[in-house]
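Undergrad: Would you mind keeping the following structure in view while I ask a few things?
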Amino acid sequence: MFDRELRRFREAVRLGEYDITSHGLDEMEDDELSVLDLESCVLTGSIVERQRDRRTGEWKYVIEGQALNGEGVAVVAKRLVRGKMGVLTIYRT
């Protein structure tokens, strides 16, 4: 359903064109996940939900995939300017 967005997010990961919020970094650390787990999730996963941010009105996407060890992980991301991806949070599912 959101194939175009997923392709853009995957390209951003392949090019290293993404930023992680401080909240995302904290959540990643709390769940003992790495940047490689984040990248694996985006590259192996699918978009399961689109949400509108209450504050900004921007669309954000929930991507569910797998960490490097095969466990379930979700990434919440949005598009930034010039094809970059903004990672809002990452967590185990």
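The values are calculated or read from the model by the stated rules, or taken from the named source; none is laboratory data. From a predicted model like this one, the values you see are computed outputs, not experimental measurements. Reconstructed Cβ throughout: ideal geometry from the backbone, glycine too, with neighbour counts over all protein chains shown.
Undergrad: Out of the residues in the range 69-79 meeting the condition of being loosely packed, with under 15 Cβ neighbours inside 10 Å and not small (Gly, Ala, Ser), tell me which one is farthest from residue 56 (Cα to Cα).
TA: Taking the candidates together, the pick is 69.
Undergrad: Out of the residues in the range 23-56 meeting the condition of being among the polar types (S, T, N, Q) and closer than 18 Å to residue 69 by Cα, tell me which one is surrounded by the most Cβ atoms within 10 Å (Cβ to Cβ).
TA: Among those residues, the one meeting the criterion is 40.
Undergrad: Enumerate the pairs (first residue in the range 74-89 and under 20 Å from residue 36 (Cα atoms); second residue anywhere and acidic (Asp, Glu) and buried (at least 17 other Cβ atoms within 10 Å of the Cβ)) with beta-carbon separation below 7 Å, excluding pairs fewer than 6 apart on the same chain, so at least 6 apart or on different chains.
TA: Note: pairs meeting the criteria are 89/27.
Undergrad: Could you list, in sequence order, all residues of the range 50-81 that are touching a Gly at 6+ places or on another chain (Cβ under 8 Å) and modelled with pLDDT under 95?
TA: Hits for the range 50-81 are 79, 80.
Undergrad: In the range 55-86, what residues are hydroxyl-bearing (Ser, Thr, Tyr) and closer than 11 Å to residue 9 by Cα?
TA: If the condition is that a residue be hydroxyl-bearing (Ser, Thr, Tyr) and closer than 11 Å to residue 9 by Cα, then 61 is the only one that fits.
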